[in-house]
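*Asks:* Mind having a look at this structure? Questions to follow.
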């Protein structure tokens with residue numbers, strides 16, 4: 001750190017100017033040594049040439065994105081109507097069907113058509129109150145799909161006296177019917193749009209009857225929406 005000549009050796013300054021600068025620096029340090037003492041002057045010398053650290057420039061302010069809802073509320077629905085949810089519930093009875101899969105969309109919609117018309121947007125829930133039948137959504141055009149589905153169910157769930165079931169008191173077809181019911185389930189949820197069930201072009205509601213001797217089947221339909 002000392003003498004000052006060592007500090008200036010790395011600077012691109014002519015030799016004569018370096019000597020002059022060393023003399024000037026020596027005079028300044030001697031002057032400081034009168035008040036600080038020689039040791040304090042030696043410690044203060046580097047501070048005379050230390051660079052001042054500048055604060056970094058301020059960062060650019062973050063801009064919050066403008067949120068836009070994905071779906072706008074139709075103009076035909078007022079704010080009060082859009083916030084007031086409605087409920088409706090009705091039980092639809094399907095007459096006894098032969099064993100197999102049956103398209104029942106039209107039977108159900110006829111029973112709830114008036115209730116559906118009061119909903120602009122919502123959900124329709126269908127609950128089958130039985131353990132030996134089921135509900136599902138599938139093909140609504142080709143009836144061969146219904147027959148093939150019944151064939152598939154009968155192959156994967158064996159029945160008859162030779163089947164390994166303990167529950168046979170209600171007939172050989174009863175336990176397989178319970179298993180098939182659990183496979184497809186007993187409930188469906190379908191969206192409501194503009195007073196209609198919003199299903200795909202080829203979708204329909206199936207009632208799958210798994211017993212040989214069926215009884216009327218009850219479906220509780222619950223509507224909720226605006």
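*Asks:* So residue 101 passes all but one of these: (1) more than 17 Å from residue 222 (Cα to Cα); (2) exposed (fewer than 13 other Cβ atoms within 10 Å of the Cβ). Which condition number does it fail?
*Replies:* Only one criterion is unmet by residue 101, namely (2).
*Asks:* Moving on. Can you confirm whether the range 170-180 contains a residue that is under 33 Å from the mean Cα position of the chain (by Cα) and surrounded by 14 or more Cβ atoms within 10 Å (Cβ to Cβ)? Break it down stepwise before answering.
*Replies:* First, the residues of the range 170-180 that are under 33 Å from the mean Cα position of the chain (by Cα): 179-180.
The next check asks that each one be surrounded by 14 or more Cβ atoms within 10 Å (Cβ to Cβ); those that pass are 179-180.
The answer is yes, given that some residue of the range 170-180 is under 33 Å from the mean Cα position of the chain (by Cα) and surrounded by 14 or more Cβ atoms within 10 Å (Cβ to Cβ).
Residues checked against (1) surrounded by 12 or more Cβ atoms within 10 Å (Cβ to Cβ); (2) farther than 12 Å from residue 102 by Cα:
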{"residue": "114", "(1), (2)": "no, yes"}
{"residue": "122", "(1), (2)": "yes, yes"}
{"residue": "125", "(1), (2)": "yes, yes"}
{"residue": "130", "(1), (2)": "yes, yes"}
{"residue": "135", "(1), (2)": "yes, no"}
{"residue": "145", "(1), (2)": "yes, no"}
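*Asks:* Take the conditions touching a strand residue (DSSP E or B) at 6+ places or on another chain (Cβ under 9 Å), assigned to a strand (DSSP E or B) and closer than 22 Å to residue 94 by Cα and apply them to residue 112. Does it pass? Full working, then the answer.
*Replies:* Working: touching a strand residue (DSSP E or B) at 6+ places or on another chain (Cβ under 9 Å): yes; assigned to a strand (DSSP E or B): no; closer than 22 Å to residue 94 by Cα: yes.
So residue 112 fails the test.
*Asks:* Same structure, new question: I need the full set of residues from the range 199-214 which are surrounded by 13 or more Cβ atoms within 10 Å (Cβ to Cβ) and at pLDDT 95 or above, in order please. Show your work before the answer.
*Replies:* Initially, the range 199-214 is screened for residues surrounded by 13 or more Cβ atoms within 10 Å (Cβ to Cβ), giving 199, 203-212, 214.
Residues satisfying the conditions are 199, 203, 204, 205, 206, 207, 208, 209, 210, 211, 212.
*Asks:* Output the residues belonging to the range 147-174 that are assigned to a helix (DSSP H, G or I) and within 15 Å of residue 209 (Cα to Cα).
*Replies:* Residues of the range 147-174 assigned to a helix (DSSP H, G or I): 147-156, 174.
Of everything in the range 147-174, those that are assigned to a helix (DSSP H, G or I) and within 15 Å of residue 209 (Cα to Cα) turn out to be 147, 148, 149, 150, 151, 152, 153, 154, 174.
The values are calculated or read from the model by the stated rules, or taken from the named source; none is laboratory data. Keep in mind that what you see is a predicted model, and the values were worked out from it rather than measured. Here Cβ is always computed from backbone atoms with ideal geometry, including for glycine, and neighbour counts include all displayed protein chains.
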